[in-house]
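Below is one structure, written out as structure tokens; the observations come after it.
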Amino acid sequence: QVSVVESGGGLVQARGSLRLSCVASGSIFSINSMGWYRQAPGKERELVARATNRDGTNYADTVKGRFTISRDNAKNTVYLQMNSLKPEDTAVYYCNAYINHRHDCWGQGTQVTVSS
């Protein structure tokens, strides 16, 4: 009924930049929050950044100052601008959205690989 789809992952060199996009679709009345998580091999999934409709944002300490989350409400889209990438940023990045006050939606994940 509602879903999110990520794009923008790929291979990038250290100190490079990448922008991820996530588009929500379906019968959407409201998107209460959208965010990005990541999971590296052998590690737990962790919060990277999230944003709410109240314009609040939160970042993991490891990405603070390097990553920026933003939303385009008209397009039901959230972005993650990643700058100064490090090899330790390598992970599968997942988009998450809480939609219509009831649907906790996850994307399929997009691989980000940062080479040294």
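The values are calculated or read from the model by the stated rules, or taken from the named source; none is laboratory data. This structure is a prediction, so every number in the text was calculated from the model and none was measured. Glycine also receives a Cβ, built like all others from the backbone with ideal geometry; neighbour counts cover every protein chain displayed. Just the protein is used for accessible areas: all its heavy atoms, side chains included, with ligands, DNA and RNA removed. Shrake-Rupley method; radii C 1.70, N 1.55, O 1.52, S 1.80 Å.
Key figures
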{"item": "Every residue from the stretch 1-27 that is open to solvent by 40 Å² or more (accessible area, probe 1.4 Å) and touching a residue at least 60 places away in the same chain (Cβ under 8 Å)", "result": "GLN1, SER3, VAL5, SER7, LEU11, GLN13, ARG15, SER17, ARG19, GLY26, SER27"}
{"item": "Every residue from the stretch 71-116 that is aliphatic (A, V, I, L, M) and touching a Leu at 6+ places or on another chain (Cβ under 6 Å)", "result": "LEU80, MET82, VAL114"}
{"item": "Counted residues, the stretch 29-58 - those being more than 16 Å from THR90 (Cα to Cα) and more than 11 Å from the chain's Cα centre (by Cα)", "result": "12"}
{"item": "Selection within the stretch 37-51 - open to solvent by less than 50 Å² (accessible area, probe 1.4 Å) and aliphatic (A, V, I, L, M)", "result": "ALA40, VAL48, ALA49, ALA51"}
{"item": "Residue ID - nearest to HIS101 (Cα to Cα), chosen from residues in the stretch 14-51 that are small (Gly, Ala, Ser) and assigned to a loop (DSSP other than H, G, I, E, B)", "result": "SER30"}
{"item": "Strands (runs of 3 or more DSSP E) lying entirely in the stretch 52-116 (those with 2 or more residues that are exposed (fewer than 13 other Cβ atoms within 10 Å of the Cβ))", "result": "110-115"}
